[in-house]
């Protein structure tokens, strides 16, 4: 039987408390699951605008109206994915508010996720847009998405490299980071930036607890890699549903910097929070890369990923290396989750929905290599965004997954992987 | 708490439509994963192409029901070949990732607005199951046998479904004691050894994928007919995971593993649901709502899968020595 050491019990208790902490404070909301069009109507000064009628309709005769509430929030549930026209009734705007320049807004509801529409009151919308303008805009968005994927992919790849575990519960660490940050930000009332730091630390602790309480004991009792992979699937299923129970099915925004006006650079428009999060992500990834190349523990990590037995016999403490990988990998994934949530809000499924794309990125770069994961993520991110130039946005992930399958056919070791890795 | 009702409801679900679907799906997975060692995480895709093959043929194209069944089976074989060509040479974990991705690609495509005219978008397709129910010899009405209370339509589904289970179980039994079955098991244990005996491992794996996929196809037919509808989200990745749980409870690489697993799993799944629901409604548990109670079941499935894989990967019937799944 398994020996229950004190640290292991502490680890399990920490993991349980992490979840319970959220349970205690998050009020269970309505579980709106499925397609919806929604938004928050605010003036430029970011004061909410209440009592404005908004009508969502489509070609097949669906039409539903709603009024913005005191916070300016409005939600219209739509029957399914597809194109919808969102009309703001300008008569109902309070006096002195300049009506939006683009009205109605045509939008596409993606399957299973709400679509957020922000009417920009009293501001010139860009009159888009040539194909090249769109390509430029999408490339920048692709890089941003790629950086988010990379934050998660580096950890997944290193965990695979050092322990051999294909971790299907890695997406749930992203969600964990995002939800923890939401809890610090909205429930505790800490500013988002500080809350994100706390959330990332919490995600790192979650990684420590997982390794200490679950994965290390499994390795010690000789559980096979395939069995561990199936364990991680069970873990992912359990975690995602725990998030659903404690956080609810609805998507919720952070309390700060929710709506920001874009700043124009030529044909590219970016919000300040996007720019800052891109810079932060790039910096952190650069630091992680440097640490892998320059520091002692980084070199040890690469040695373990290369050949665990040889590394152990040359005096490297493999367990310690793996622990460092888990903590930093989980913290990075948590940060990725926070950044993802800043663009598409916090939802219990966000990590689950991203997991396959992370796998695509990691496979593309070559399983087990950190730099391959980085390159693969940027390729996948760009591919997903740029593919919407030609294909319907609802199918953009399909393109990325197809490319992954094709890469596996042509070059199964990935872009930077070595042939020997694939049996 | 009405324990009599709880047990009747749970027992009743034990033989119901979802038990049949899990069982047929798990029989297919047993051939692929249990006997051959293929980590197919896209079993939901096989159910989906079969169900949609049938529904699209009948509802969208307006062809005969039996043509639909043939199209569904044909589509399953095509899917197995398309999926198998790139992946069967890959290592086990790559196979898992690719099959799970393929299932998701399929679901997103079936769900998309672009193909709404063909596959019905997120609403799916209906009105294709009448020819199946027209064959029903049972007179309309409710029939009770002990705890099993169903109407004539449900009984018809149950009779056809469990007959299919019996046929497939017999098939697996015969296949696995033939030389073919020994080669499959040999591939699971040591691929290179089998290859050195001159067997075409790739082709054997492909056959296992196709046969297992066909069993999944019948699961897909029963799911589509039992609900008289197909909808894309019924074939999400969770369905594959549930089928894995069923197989692992019963015992992989055992002929009766899927049946035992399906019976036990369906009973427990319903039992937990009814117990929690009653506990919430009678005020015994106040800190959760009944919607959350339904979600707790999936948490329990996840934790159950973890505990099974850690403490009893061979399930109830299996032999631990036979399932030393490991590769690196």
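FYI, it's all coordinate maths here, none of it is from the lab. Since the model is a prediction, treat every value here as computed from it, not as a measurement. Positions of Cβ are generated from backbone atoms using ideal geometry, with glycine treated the same way; all protein chains shown enter the neighbour counts.
Dividing the Cα radius of gyration of region A:114-249 by 2.2 N^0.38 Å, with N the residue count, gives 1.37.
FRET efficiency for the pair residue A:258 and residue B:202, taken as 1/(1 + (r/R0)^6) with r the Cβ-Cβ distance and R0 = 45 Å, rounds to 0.25.
Distance between the C-alpha centres of region A:254-286 and region B:229-243: 37 Å, rounded to the whole angstrom.
Pick from B:72, B:141, B:121: which residue has the top mean-square fluctuation in a GNM of chain B where Cα pairs under 10 Å get a spring? Top of the fluctuation ranking is B:141.
Based on alpha carbons, the Rg and Dmax found for region B:1-123 are 17.5, 54 Å.
Pair-distance distribution of region B:92-149: all C-alpha pairs, bin width 5 Å, starting at 0; shares per bin in whole percent are 4, 14, 11, 11, 11, 11, 11, 13, 10, 3, 0. Each stretch of four or more DSSP H residues adds -39500 (n - 2.57); spread over every residue of chain B, this sum gives -22000 deg cm²/dmol at 222 nm. Its alpha carbons considered, region B:207-273 gives a radius of gyration followed by a Dmax of 12.9, 39 Å.
Taking max minus min of the alpha-carbon positions on each principal axis, region A:234-275 gives extents of 47, 22, 13 Å, largest first. Translational diffusion of chain B, estimated by Stokes-Einstein from the Kirkwood radius over alpha carbon pairs at 4 °C in a medium of 1.567 mPa s, is 63 µm² per second.
For residue B:233 and residue B:145, compute 0.36 nm times the residue count separating them, minus their Cα-Cα distance, and round to one decimal in nm. So the chain would gain 28.4 nm between residue B:233 and residue B:145. Among B:77, B:49, B:275, the largest mean-square fluctuation in a Gaussian network model of chain B, built with springs joining Cα atoms closer than 10 Å, belongs to B:275.
Each of residue B:279 and residue B:116 was given a label point 7 Å from its Cα along the Cα-to-Cβ line. The distance between the two points is 4.3 nm. As a rough footprinting exposure proxy, the listed residues A:84, B:150 were ranked by other beta carbons within 10 Å of their own, and the order from fewest upward is B:150, A:84. Once the convex hull of all Cα atoms in region B:161-240 is built, its volume per residue stands at 104 Å³.
Footprinting exposure proxy ranking of B:168, A:132, B:66, fewest other C-beta atoms within 10 angstrom first, gives A:132, B:66, B:168.
At R0 = 45 Å, how high is the FRET efficiency between residue A:310 and residue B:82 if r is their beta carbon distance? Nearest 0.05 is fine. Computed FRET efficiency for residue A:310 and residue B:82 comes out at 0.65.
Using the Cβ-Cβ distance between residue B:67 and residue A:283 with R0 = 45 Å, the FRET efficiency computed as 1/(1 + (r/R0)^6) comes to roughly 0.15. Once the Kirkwood radius over Cα pairs is known for the protein assembly as shown, the Stokes-Einstein relation at 4 °C and 1.567 mPa s delivers a diffusion coefficient of 48 µm²/s. State the Cα centre-to-centre distance between region A:348-362 and region B:57-123 in whole Å. Using only Cα atoms, the two centres lie 21 Å from each other. Students often get this wrong: which residues of region B:70-105 have the backbone nitrogen under 15 Å from the point 7 angstrom along Cα-to-C-beta of residue B:195? Only B:87-92 fall inside the zone, counting backbone N under 15 Å.
For the pair residue A:91 and residue B:178, label points projected 7 Å from Cα toward Cβ lie 7.5 nm apart. Over all Cα atoms in region A:238-317, the spread is summed up by Rg and Dmax: 21.0, 56 Å. By the count of neighbouring beta-carbon atoms within 10 Å, fewest first, A:294, B:116 end up ordered A:294, B:116. Please report the spacing between the Cα centers of region A:71-94 and region B:150-164 in Å, no decimals. What the calculation gives is 46 Å, centre to centre.
Overall dimensions of region B:184-328, expressed as equivalent-ellipsoid semi-axes from the Cα gyration tensor (√(5λ), whole Å, largest first), are 36, 20, 12. A simple spin-label model places pseudo-atoms 7 Å from Cα toward Cβ; at residue A:299 and residue B:311 they are separated by 4.5 nm.
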